[in-house]
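The values are calculated or read from the model by the stated rules, or taken from the named source; none is laboratory data. In this text, all values refer to a predicted model and were calculated from it rather than measured experimentally. Because the Cβ atoms are built from the backbone with ideal geometry, glycine has one as well, and the counts that use them run over all protein chains shown.
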Amino acid sequence: MSKALFLREMGNLYEQVKEKGITTSQLLQHIQNTISLPKEEGWKALEELFIDLHLVNVKKIPQCYGYEVTASRIDGVEFHIYFEEITPKLTLIMYNSNREPWGYEERIFRNSRELGPWLRRTINRFLESYDEKAV
């Protein structure tokens, strides 16, 4: 679909929504609450990230709120990622090789495209600080 056609269709959709008495903020809230990255697409992106970061023992555990993912590094460092699909909210916890918490980050995203880059940066930051401390 061309950009011009897309914009025309969005204009038509906006007029239909306006005729029904739905406000722009109500429409935006509905879109944010119901449209998210398809589960499998998000999972594939997460798997690729773990491969890039040399994480192993990846497990995906479905939860009522979304899913929990665990992954570890050969040296015993472990990550627990909790993804709430509705919000979307991501919680990342890193444990050191002694199973003690090393890092914790939590973030709510307005755009699901921000999830991957944020997760990559945060995991890298945790691993860098951990590796510096170990040396």
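Of everything listed in (1) part of a helix (DSSP H, G or I); (2) modelled with pLDDT under 60; (3) not aliphatic (A, V, I, L, M), the single unmet condition for Glu15 is (2).
Condition first: part of a strand (DSSP E or B) and surrounded by 16 or more Cβ atoms within 10 Å (Cβ to Cβ). Now tell me which residues in the stretch 61-79 satisfy that. If the condition is that a residue be part of a strand (DSSP E or B) and surrounded by 16 or more Cβ atoms within 10 Å (Cβ to Cβ), then Gly66, Tyr67, Val69, Thr70, Ala71, Ser72, Glu78, Phe79 are the ones that fit.
Just one of the listed residues (Arg8, Arg99) is of a type outside the set (Val, Ile, Thr) and at pLDDT 85 or above, namely Arg99.
Among residues belonging to the stretch 85-135 that are in contact with a Ser or Thr (Cβ under 7 Å, 6 or more places away or on another chain) and not in a helix (DSSP H, G or I), point out the one that is nearest to Tyr67 (Cα to Cα).
Taking the candidates together, the pick is Glu85.
Taking the conditions (1) more than 15 Å from the chain's Cα centre (by Cα); (2) touching a residue at least 12 places away in the same chain (Cβ under 8 Å) in turn, Ile86 satisfies each one other than (1).
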